[in-house]
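Colleague: Have a look at this one.
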Amino acid sequence: MFVKPAPDRTVRWPASLRLLSEQGAEVPSTAFWLRALARGDVQKVSPAVQATATAQSAAIEPKGTAA
């Protein structure tokens, strides 16, 4: 599931203790994250669609040919 911290909250990953990014992250549906969701520490959200110019140009750009 994809979650982000609720406003004015910080949440740490249980194993590494690093902070969950304000943009959110894909997390496993474990008891830890389900409890954080139930407490209101995190919000379940849809991941932001990030279309990068490089991905778009790579799809359009023709492959080079051998001379």
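Colleague: Return the distance in nm (one decimal) between the two label points of a simple spin-label model at Ala15 and Ala31, each offset 7 Å from Cα along Cα→Cβ.
Modeller: 1.7 nm
Colleague: Using a basic spin-label model with each label point 7 Å from the Cα along Cα→Cβ, how many nm lie between Phe2 and Ala48?
Modeller: Each label point lies 7 Å from its Cα, and together they span 1.1 nm.
Colleague: Residues with amide H under 5 Å of Val42's amide H, sequence separation 5 or more or different chain, H placed in the peptide plane at 1.01 Å from N; which?
Modeller: Correct list: Ala6, Leu37.
Every number in this text was worked out from the coordinates using simple rules, so none of it is lab data. Values in this document were obtained by computation on a predicted structure and should not be read as measured data. In this analysis, Cβ positions are derived from the backbone assuming ideal geometry, glycine residues included, and neighbour counts consider all displayed protein chains.
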